Structure formats: C-alpha cells, structure tokens
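Have a look at the structure below, then the notes.
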Amino acid sequence: MTSRRQFLKSLAAASAGIALYNIPKAALAQHGIQKLTILHTNDIHCHIDPFSPTDPTYAGRGGLARLSGLIQQIRLQEENVLLLDSGDMFQGTPYFNYYKGELILKVMSEIGYEASTIGNHEFDNGLDALNKALDHTKFPFINSNYDFSQTKLYDRFNRYVVYRKNGIKIGIYGLGVELQGLVSDDNYEGTIYNDPVIVAREMETYLKQDKKCDLVICLSHLGYQYENDKISDLTLAPQTKYTDLILGGHTHTFLDKPVEVKNADGNRVIINQVGWGGMVLGRLDFYFDTAGKEMTLAYTEQILNQG
Amino acid sequence: MYRIIYLIAIISVLSSCKTRLNVTDFKAENIPNYQNISTIDSSLLNFITPYTTEIDREMQEVVAISGVELVKKKPESLLTNYMADILLYEGQIYGAKHQARSIPSIAYLNYGGLRTDLPKGKITVGKIYELMPFENEMVILRLKGSDLYAMADMIATKGGDGVAGMKLKIKDGQVESFQVDNKPVSRDKEYWLVTNDYVANGGDNMSMFLNRTMFINTGIKLRDCFIEHLKRDYDAGKIISPKLDGRITND
C-alpha cells in the first residue's frame with residue numbers, strides 16, 4: 001500500500017503540478033460492468049454567477065457557481081466521472097474585463113475540470129495574455145491542430161491526453177476553429193492552423209490503435225453545423241474512424257440530447273453540445289463490459305504528453 | 001526509485017497486452033442548470049466573493065449624469081445619436097493624433113450593438129457594460145461613395161440606425177437623399193468612416209464595409225473609449241442633454 005501511495009505521489013509530481021482527481025475507493029479487481037460518466041460544458045464565457053433575474057431571455061439560468069453544485073452531486077453518486085470543456089471560457093462578463101482569463105481558469109480548476117480545448121476567444125487579449133492566464137489552470141489544455149511551435153506558447157498545450165478511470169482508458173484530442181477572420185491577426189501571430197480532418201484521423205488512429213484507448217473523445221471548437229461547407233462537428237464525424245465522441249462548442253448550439261451519426265466505417269459517433277454560459281450540463285454515461293478482465297489498474301491516472 | 005520504475009514496467013506490460021473494452025450501453029442527458037435542478041456551490045461562492053466585491057465596487061462608479069432618459073428607437077433616437085456622436089468625436093481625435101489624413105467625417109454604430117437604454121440621472125460603469133457588453137474595437141475605414149450608398153441602402157432597409165456626420169432621408173424603405181458635410185455623397189469620392197470591428201468585418205449585414213480601400217484598427221475598446229469620454233464630461237460638470245436633429249428621417 002505504501003509503495004502505491006508513493007507511486008501516486010511521484011506520478012502527481014511528474015505530471016507538472018496537475019492534480020489527480022477521483023482516486024476510487026476500491027483499488028481491487030472488479031468484474032462485470034464498469035460505468036464511466038462524462039460531464040461536459042462549452043462556451044462558458046466567464047459566466048460564474050447565474051444570469052441576472054432581469055435578463056429578458058435567460059433569467060436565473062446558467063453560471064458555474066450553480067453548475068458546480070450539480071457536478072458535485074453527481075460526483076457523490078458516481079465513481080468514474082470525467083469533467084471536460086470545449087473552449088471559449090474567456091470573454092462575456094466583467095469578470096473577464098477585470099481579471100482577464102485568470103479568474104475563470106482558477107474557478108474551473110477549483111471545480112475540478114480535468115481537460116479543456118482552446119476556443120477562439122482565448123486569443124482575445126493576444127498570445128502573451130493567454131500565456132499568463134494559463135499559469136492559473138490546474139487542468140491540461142488539449143489542442144492537436146494548432147501549431148504553436150513558433151510562438152511563446154510552444155509548450156503550453158497537449159496534443160492529446162490519456163486518462164484511466166478504474167481501468168477504462170480514455171484518449172482525448174482537441175480541434176480548434178480556423179482563426180483567420182475570427183481573431184485579429186496580431187492576437188494569434190505565428191500560430192499555424194492545420195486541417196482538422198487530417199489531424200483528427202491521425203490522432204484517433206494513434207489513440208485507438210497505438211494507445212489502445214477504450215474510448216476516444218474529440219474536444220472540438222469547430223462548431224456544430226454551418227450553412228456553407230466550413231468544417232464542423234457534423235461534417236467531421238463521417239470522415240473519422242475511431243472517434244467515439246465529439247464534444248463540441250463555438251456555435252452555442254443547444255442540443256436536446258446528443259446526436260448519433262455514422263463514421264467512415266458505419267460505426268456510431270456521438271456528438272453533443274450544450275449551449276453556452278453554463279446553462280446546460282452535458283452528461284453521458286458509458287457502460288463497459290469488463291467481464292473476464294482483470295482490472296488491475298484501479299486508480300485514476302493521467303498520462304501527459306507534450307506534443 | 002527502483003520501485004517506481006518496476007511499477008511503470010508492470011503497467012506498460014499490462015496495458016500493452018490488454019485488449020479494448022467494449023461499450024455495451026450508453027445513456028445521455030443534457031441537464032438544464034437552473035435553481036429547481038441545482039443549488040449553488042457555497043465553497044465556490046466563497047472563492048469568488050472577493051473578486052465579485054471588487055467588481056461591484058467598480059461597477060457602481062458614476063460616470064455621467066443625464067438630464068433625460070436616453071431610449072433607443074428608429075429611425076433616430078437620443079441614444080443612437082448621442083452614442084454615434086461620441087464615436088465620431090473620439091474617432092476624429094484618434095485620426096488627428098495618429099494618422100494625419102484619416103479623420104473620419106462620419107460614424108456608424110450598429111443599432112443592435114446597443115443593448116439597453118440609459119436612465120435619466122446617474123449613469124454607472126455597470127450600466128455602460130449593460131449597454132455595450134461586447135469587446136468591440138474602434139476601427140476607421142476609407143470607403144468609396146458608392147459603398148456609402150450601399151450602407152445607406154442597408155440603413156434604409158433596417159429603418160434607421162446609429163449614425164453621425166450624415167443626413168439621410170428614407171422614403172418607402174429607399175434612400176431619397178444622402179448627405180455628408182451638407183453635400184450629396186459623391187459615388188466616386190472616398191470618405192473616412194469610424195465604426196466598430198464587428199460591422200467592419202461584415203457583421204449585421206454590413207458587407208459593403210469589406211470593400212474599404214484602407215483599414216485602421218485603433219486597438220481601442222469601444223466601451224473603454226465611451227467610459228473615458230463620459231468621465232471627462234462628468235468631471236467637467238457637463239450633463240448629458242442630446243436632442244433629435246433629423247439626421248435620419250423615414251417617411
């Protein structure tokens with residue numbers, strides 16, 4: 001037991017100050033069905049408090065303060081919870097004007113977010129400001145299709161992250177929207193945008209085939225759907241082969257429930273997006289068949305890879 | 001240390017020979033976040049209270065006194081005229097200081113960009129945030145007269161807008177006459193216009209602004225610029241008292 005504790009400690013230290021969450025109570029082998037609960041948000045836009053009671057459209061709804069209450073309730077009930085976000089947590093309330101990205105990232109770290117991708121609004125105050133804000137996050141930012149190697153942010157993002165939850169292995173990659181025309185040129189200077197479809201194919205193959213992940217998740221800030229032929233979650237999904245779930249953002253789309261489409265092999269891809277401002281919490285429960293399998297790795301682990 | 005390496009070795013062996021788990025079942029629910037469903041996380045609330053207190057204090061600062069209620073209406077209104085006048089004034093100051101010949105003669109402030117009315121009496125920073133929640137920046141464009149006519153047509157279609165430095169007569173949704181500096185706009189001449197980056201990038205159906213021949217991004221947040229302007233007037237003891245002047249008429 002001591003050695004395991006030591007190991008966890010060193011792992012925590014090795015993962016550059018990123019906290020380990022949800023270490024399960026039972027560290028013993030289990031048989032049968034294992035449940036994974038994925039909770040997710042997108043386009044929080046610095047909404048920490050609920051919308052003002054006088055708001056004509058959204059009075060009393062949304063905000064992370066109340067969403068956090070909901071998340072903590074679910075955490076008490078479920079053993080394997082993964083909390084994710086699809087970007088654009090910056091910009092939208094005076095919290096951003098006064099505290100830049102710092103406060104919202106502190107708040108999301110406090111709530112225990114485990115990963116996010118980057119949205120276009122994270123560039124609003126430029127790369128230096130983003131760099132500074134990222135000092136305040138305790139969870140990794142995942143992006144696979146922006147090349148930051150020519151910028152000061154070259155070591156700030158993970159191309160992918162692999163999590164283990166009670167033996168379930170989850171691979172996550174991230175896709176960002178084309179910045180040109182959306183963000184002032186000098187606010188993302190040097191950042192190269194790579195084709196999301198090519199990158200998605202590369203990342204999902206790596207995570208499923210090489211890393212042997214049980215579930216591959218794409219955190220996307222591409223947007224749900226467009227009238228023109230701009231790449232979106234709905235046009236990406238049919239071109240993928242190993243992505244199981246696309247958690248989207250950017251278009252502020254309120255889906256009543258996740259949408260299921262077919263990938264290039266005719267298998268299911270689930271797409272979800274939950275509006276904005278913390279007005280909805282997306283919840284997806286996956287049940288895995290673990291029969292006959294020794295679940296030796298019964299703790300939460302984060303393997304971080306600098307891309 | 002050896003123990004750690006040993007454990008890592010075991011893990012890699014285990015994970016390399018492990019086959020993938022299959023999803024046997026899947027359930028999903030998008031849960032609305034409002035008071036009947038969830039309660040506020042009190043520890044999170046404690047965490048943000050110092051930040052909120054600081055912001056509230058700043059938001060309560062009075063930056064102007066208005067003698068009248070400024071309500072937004074079409075074709076023109078006290079609010080749209082007043083705000084567009086400030087934009088033109090500040091755009092001219094910027095142009096005079098920074099770009100020798102980029103002094104705008106007209107301003108365009110999209111009606112939809114103003115999100116509330118301003119009350120009679122004290123106006124706070126918080127109210128200005130409500131009025132302009134967006135992070136738009138002031139930009140100055142050089143446009144051909146023909147594109148200004150396209151702008152005027154769009155204003156006519158919309159039935160009015162926030163403008164300064166121009167006189168526009170609309171009849172039956174069409175432009176009847178269109179003047180800048182008390183002269184009819186010449187299609188071949190070029191004009192400097194100050195506006196925000198949102199419409200300059202074609203937002204609110206203002207795609208004619210994309211035809212500009214020059215573009216100056218001031219990097220000044222519009223809201224900051226308005227707050228500074230209001231504060232200066234307030235400190236000088238001025239009271240807001242705009243009047244309608246018939247800059248846009250719609251028969």
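The values are calculated or read from the model by the stated rules, or taken from the named source; none is laboratory data. These numbers were taken from a predicted model, which means no experiment stands behind them. Neighbour counts are summed over all protein chains in view; Cβ atoms, including those assigned to glycine, are modelled from backbone coordinates with ideal geometry. For accessibility, only protein heavy atoms count, side chains too; no ligands or nucleic acids. Shrake-Rupley method; radii C 1.70, N 1.55, O 1.52, S 1.80 Å.
Worth pointing out:
- Positions within the stretch A:128-148 being in contact (Cβ under 8 Å) with a residue 40 or more places away in the chain, touching a helix residue (DSSP H, G or I) at 6+ places or on another chain (Cβ under 9 Å) and within 18 Å of A:Ser86 (Cα to Cα), in sequence order: A:Ala133, A:Lys138, A:Phe139, A:Ser144, A:Asn145
- Qualifying residue in the stretch B:34-55 (condition: in contact with a strand residue (DSSP E or B) (Cβ under 6 Å, 6 or more places away or on another chain), modelled with pLDDT under 95, at the interface with chain A (Cβ under 10 Å from one of its Cβ atoms) and surrounded by 15 or more Cβ atoms within 10 Å (Cβ to Cβ)): no
- With respect to the conditions (1) surrounded by 17 or more Cβ atoms within 10 Å (Cβ to Cβ); (2) closer than 19 Å to A:Thr37 by Cβ; (3) over 18 Å from the mean Cα position of the chain (by Cα); (4) not hydrophobic (A, V, I, L, M, F, W, C), A:Glu260 falls short on a single one, namely (1).
- Sub-9 Å Cβ pairs linking a first residue in the stretch A:169-182 that is on the phi > 0 side of the Ramachandran plot to a second residue that is not in a strand (DSSP E or B) and not aliphatic (A, V, I, L, M), at least 6 apart or interchain, are A:Gly181/B:Asn201, ordered by first then second residue.
- Filter result for A:Thr151 (within 14 Å of another protein chain (Cβ to nearest Cβ), in contact (Cβ under 8 Å) with a residue 40 or more places away in the chain and open to solvent by 10 Å² or more (accessible area, probe 1.4 Å)): no
- Given (1) closer than 23 Å to B:Glu76 by Cβ; (2) open to solvent by 20 Å² or more (accessible area, probe 1.4 Å); (3) at pLDDT 95 or above, index of the condition B:Asn196 fails: (2)
- In the stretch B:199-216, the residues that are open to solvent by less than 70 Å² (accessible area, probe 1.4 Å) and touching a residue at least 60 places away in the same chain (Cβ under 8 Å): B:Val199, B:Ala200, B:Gly203, B:Asp204, B:Met206, B:Met208, B:Phe209, B:Arg212, B:Thr213, B:Ile216
- Taking helices (runs of 4 or more DSSP H) as the structural unit, those lying wholly within the stretch A:44-130 and holding at least 1 residues that are farther than 30 Å from B:Ile220 by Cβ, at pLDDT 95 or above and within 18 Å of the chain's Cα centre (by Cα) correspond to A:64-77, A:102-111.
- Test result for A:Asp195, open to solvent by less than 20 Å² (accessible area, probe 1.4 Å) and in contact (Cβ under 8 Å) with a residue 12 or more places away in the chain: no
- For the stretch A:82-95, the set of residues classified as closer than 21 Å to A:Phe157 by Cβ and either without any contact (Cβ under 8 Å) to a residue 12 or more places away in the chain or not charged (D, E, K, R) (or both) consists of A:Leu82, A:Leu83, A:Leu84, A:Ser86, A:Gly87, A:Met89, A:Phe90, A:Gln91, listed by residue number.
- Taken over the stretch A:46-95, the criterion of being within 9 Å of another protein chain (Cβ to nearest Cβ), in contact with a Gly (Cβ under 6 Å, 6 or more places away or on another chain) and not charged (D, E, K, R) is satisfied by A:Ile48, A:Pro50, A:Gly62, A:Gly63, A:Leu64, A:Leu67.
- Condition check for B:Ile31: at the interface with another protein chain (Cβ under 8 Å from one of its Cβ atoms), in contact with a strand residue (DSSP E or B) (Cβ under 7 Å, 6 or more places away or on another chain) and modelled with pLDDT under 90: no
- Some residue of the stretch A:259-269 being outside any loop (DSSP other than H, G, I, E, B) and among the polar types (S, T, N, Q): no
- Only a single item in (1) away from chain B (no Cβ under 12 Å); (2) at pLDDT below 95; (3) open to solvent by 40 Å² or more (accessible area, probe 1.4 Å) is not met by A:Glu294, and it is number (1).
- Selection status of B:Glu58, in a helix (DSSP H, G or I), charged (D, E, K, R), surrounded by fewer than 20 Cβ atoms within 10 Å (Cβ to Cβ) and without any contact (Cβ under 8 Å) to a residue 40 or more places away in the chain: no
Residues are listed down the side, and each one gets a yes or a no for (1) open to solvent by 40 Å² or more (accessible area, probe 1.4 Å); (2) more than 8 Å from chain B (Cβ to nearest Cβ); (3) β-branched (Val, Ile, Thr); (4) more than 30 Å from A:Arg66 (Cα to Cα):
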position	(1), (2), (3), (4)
A:Tyr224	no, yes, no, no
A:Asn228	yes, yes, no, yes
A:Lys241	yes, yes, no, yes
A:Ile271	no, yes, yes, no
A:Asp285	no, no, no, no
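- Residue within the stretch B:58-77 that is charged (D, E, K, R) and within 14 Å of chain A (Cβ to nearest Cβ) present: yes
- Residue in the stretch A:12-28 that is modelled with pLDDT of 95 or more, surrounded by 14 or more Cβ atoms within 10 Å (Cβ to Cβ) and either at positive phi or part of a loop (DSSP other than H, G, I, E, B) (or both) present: no
- Scanning the stretch B:144-165 for residues that are open to solvent by less than 10 Å² (accessible area, probe 1.4 Å) and either in a strand (DSSP E or B) or not acidic (Asp, Glu) (or both) gives B:Gly145, B:Leu148, B:Met151, B:Ala152, B:Ile155, B:Ala156, B:Gly160, B:Gly162, B:Val163, B:Ala164.
Residue by residue, here is whether (1) crowded, with 21+ Cβ neighbours inside 10 Å; (2) aromatic (Phe, Trp, Tyr); (3) modelled with pLDDT of 95 or more; (4) within 13 Å of B:Gly165 (Cβ to Cβ) holds:
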residue: B:Ala64; (1), (2), (3), (4): yes, no, yes, no
residue: B:Met83; (1), (2), (3), (4): yes, no, yes, no
residue: B:Leu87; (1), (2), (3), (4): yes, no, yes, yes
residue: B:His98; (1), (2), (3), (4): no, no, no, no
residue: B:Leu109; (1), (2), (3), (4): yes, no, yes, yes
